[in-house]
Structures are given as C-alpha cells and as structure tokens.
Amino acid sequence: MGVTDPAGPVMDRDEVDRALARLGAEHEAIESSLLALQDHAGRRLLEGAELTGTTKERWAAAEASITLLWTYFDTYTAALRSAREIRARRRWSSREDLVELTELLRGESITVAGSATATANAPTLLSAAGRLSQQFTLAALVERMNELYASSLDMVVAADAVWSALPARIDLLAAELQRTRKLAHSVGVRPGEHPSGDDLERITRTLTKLREEVVSDPLAYWVPAEGSSAPGGGRPDTMVYDREARALEDVRREIDAVLTVRQDAEQRLVRLRDVLSRADRTLAEARTARGEVLAKIAATEVPVVSGPPTALQEQLATAAEYRRQAQWHRLSPLLESLEQKAEDELLRARESLTAVTAPLAVRAELRGRLDAYKAKVARHGLAEDRFLIERYDAARRMLWSAPCDLRVAEQAVLRYQQAAAELLGAPRVPEQGGPQDRRGE
C-alpha cells in the first residue's frame, strides 16, 4: 500500500472487491432508473406530442440529456465490465492487476465520446463546452449521470403531472359548459342579448385556448415548489381553470334565477297588478276625501293628490309582453324593479290619503273629546247646568257645521273643558295649540 500512482495508493484485493460490489449495485440501480424513465408515460407523450414554447425548448434539452445519459451509462457499463475481467484473471490479483484496477476504478480513465448535437443540447452544467469527449472517474461519471437523470425526470414528471391534471378537468368543465349553454339558450340567455350569454362565449373561448396551450406547452402551467430539489417538485397551475370554473358557476346561478322567474312569473305579475290596483284605489279614495275636506273644513290647506303613474302601467305591460315572448332574461330584472316601485307607490298613496284626511281626523278627535267631557259632566250631576249647556252647544254647532273652522272649534271645545273643570274643581285645562298641535299629541 506504500506504492502510489496518479490515482492514489494502490488498492488491495479487498478494496477492489468492495469497490466492484458497490459499483455493481450502482449499475443495477442506474439501469433500473433509466429503464423506468424510458417507459415513463410522460416521456412517451412528450415524444409524440407537437410541443411549443417552454416545453418544446426544455424537451429538446431533455432528449439530448437522455441520449447523453445512455452514452454515459454504456461507458460506465464497459468500464465496470473491464474491471471485472481484470479481477477475474487470477484468484489472487498480481500487483500489476491491482495497479490497473486502481487506475480504472479511481483514476480519470473513463473517456466519453459524444456527438456534437448531444453535447451542444445538453444542460450547460453537464456538458464540456466545445469538446466532443470528456474524461471522468467512475465516481464523477455516476454523479453526472445522477444530475442528467434528475433534470430529465423533473421535466418529464412536471409535464406528465400537468397533462394528468388539467386536460381531463377542462374537458369536464367544457361538457358542463355545453349543457349550460343549451339551458341558457332555452331561457333566452344569448350572446349580445344578455351579459351571461356573453360570459358563456368568453368562457368557451378561454377554455378552448387553455386546452390547446396545456396540451402543447404543459410546462407553461407548472409551478415549481420553492426550496424543493426533488424531481417533479411542484404543482400544476390551475389559476385560469379555477377562474373560469367560478365564472361558469356565476352564470349557472344567473340562469337558475331566470328559470325561477319563468316558473313564478305569472304569480308575480298578478301580485304586481294587485299592488298597483290597491295604490290606484287608495289615490282615488284620497282624491274623494280631499273634496270632502275642502267642503267640510274651512281655512285648511289640503295637499293635492296626484294621479296614478302611467309609467308603471306601461312597464307592467312590457313585463307581460316579455312573458308572452319567453324573454325571461329581460323579465327578471324588470320584475324586480317593478316590485319595488309598486310597493313604493302603494306607500305613497297611503301617505297621501293620511295627509288629506288629517283635518277630518282632527275634527273627529275634537268631537270625541267634547262628548267625553259631556259624559263626565253628566256623571257628576251637572248635565243641566245652563252655562255648560251653552258652551257645549256652541262647540257642537261649530264641529257639526260645514265648513268647520278647526281652530275656532278647538277653542270652543277648550272653553267647554275649562268651564267643566272649574265646576268640577279640577285643575284648569291649559291653553291648547292649533289643530296641528292636537294631532301631534
């Protein structure tokens, strides 16, 4: 072991045998890996596909790497065979044999001749720039083969993962898209006529383009895992697919809403007609009440009552026409708008009736108060009091005559209350405001 050569100390027989055993195991492992790569479904797909973009560039480099990898493996196999043959010459290898084996197993004695194309297309790290042959030790050759294998397998696994994940999902979504388009067409949701129809056209174009790109350039839709050095570390990029799937779901919800409109459109139209009819009747009642107030109440401002809005009736007729023509996509938003407007119109009519009849309500309240005090006076035995009778009659004439001046009538009722309170020994009734203040109480 004291004698050395350029490869280092000369190996003894045991070291040679251990090295050959280790190299043999490595040879079997590398061969199994290469055969698995050769039979990988992703590699077969890449060989037969019409590739574009990033995938085309990387597959050209990967093919060159695989070719170079087999060249390295053949050289490795030949070197291992030569070493085994030298070792098999004698049971106890001579010193010359051990020197030769040491050089073969540890020295840079392995020459790899590669084609110019393979060397040029192989990754920069793995190729010797501008040279058609390279010198390796067996250990360095194994390391280079591992690097070539890892980079090639990474590319093949990534492409296969994208092809396994996206095209099938795109096809399922496209089938769902076709069913949705048929349903949309049946309810009048068409391109150029409804936003959802335009969305369906856009989703169709996007999915068609997405599938073409995924098939021809799968690596454009691959996201490598950060910090991962394992071959195939990463995931398919489904961002575009997920976005279009969500958009299709939104369209389906819109179509479901349109279908709901088709199912209950007649009932909603009937309800709309009923609400608008009640609003019209309320306005008519308010107009009649206004005439009565003007005839029976003096010195009072009565608000003007507007007529029924013709625009709502026209929109209601339009909605009925949409229903007859099965234009459900147009009917849906119109019904929603009309329902809100109809409720607002009914509320406005009721508020108008309340405002118009307010003076009559004030008069009724004054009448009720006058009669209530008369009954109270009678319970205390003062019904025949002449002074109270005169005050009562004066207030009653004002409240039951037309036109009635509410302010004067209220003062008459107040005087009657005060007179009754004085006779009954109750506290004096405070001065009251006008009719508007009375309504506020």
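The values are calculated or read from the model by the stated rules, or taken from the named source; none is laboratory data. Please read these numbers as outputs of a predicted model, since none were measured by experiment. All Cβ positions, glycine included, derive from the backbone under ideal geometry; neighbour counts span all protein chains shown. Ligands, DNA and RNA are excluded from the accessible area calculation, which covers all protein heavy atoms including side chains. Shrake-Rupley method; radii C 1.70, N 1.55, O 1.52, S 1.80 Å.
Key figures
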| read-out | value |
| --- | --- |
| Some residue of the range 272-288 being more than 21 Å from L347 (Cα to Cα) and among the acidic types (D, E) | no |
| Matching option when the condition is in a helix (DSSP H, G or I), surrounded by fewer than 19 Cβ atoms within 10 Å (Cβ to Cβ), among the charged types (D, E, K, R) and under 24 Å from the mean Cα position of the chain (by Cα), among E285, E176, E244, E266 | E176 |
| Every pair of residues 6+ apart whose Cβ atoms lie under 7 Å, when the first sits in the range 295-318 and is open to solvent by 50 Å² or more (accessible area, probe 1.4 Å) while the second is in a loop (DSSP other than H, G, I, E, B) | A295/A402; A295/P403; K296/A402; K296/P403 |
| Residue within the range 285-303 that is more than 22 Å from P403 (Cβ to Cβ) and of a type outside the set (S, T, N, Q) present | no |
| The range 29-45 residues that are assigned to a helix (DSSP H, G or I), paired with ones that are open to solvent by 60 Å² or more (accessible area, probe 1.4 Å) (beta carbon under 8 Å, 6 or more apart) | L34/W70 |
| Set T67, T52, T4: member being more than 23 Å from V162 (Cβ to Cβ), of a type outside the set (D, E) and modelled with pLDDT of 85 or more | T67 |
| Extreme residue, surrounded by the most Cβ atoms within 10 Å (Cβ to Cβ), among residues of the range 49-69 that are among the hydrophobic types (A, V, I, L, M, F, W, C) and farther than 15 Å from Q134 by Cβ | A62 |
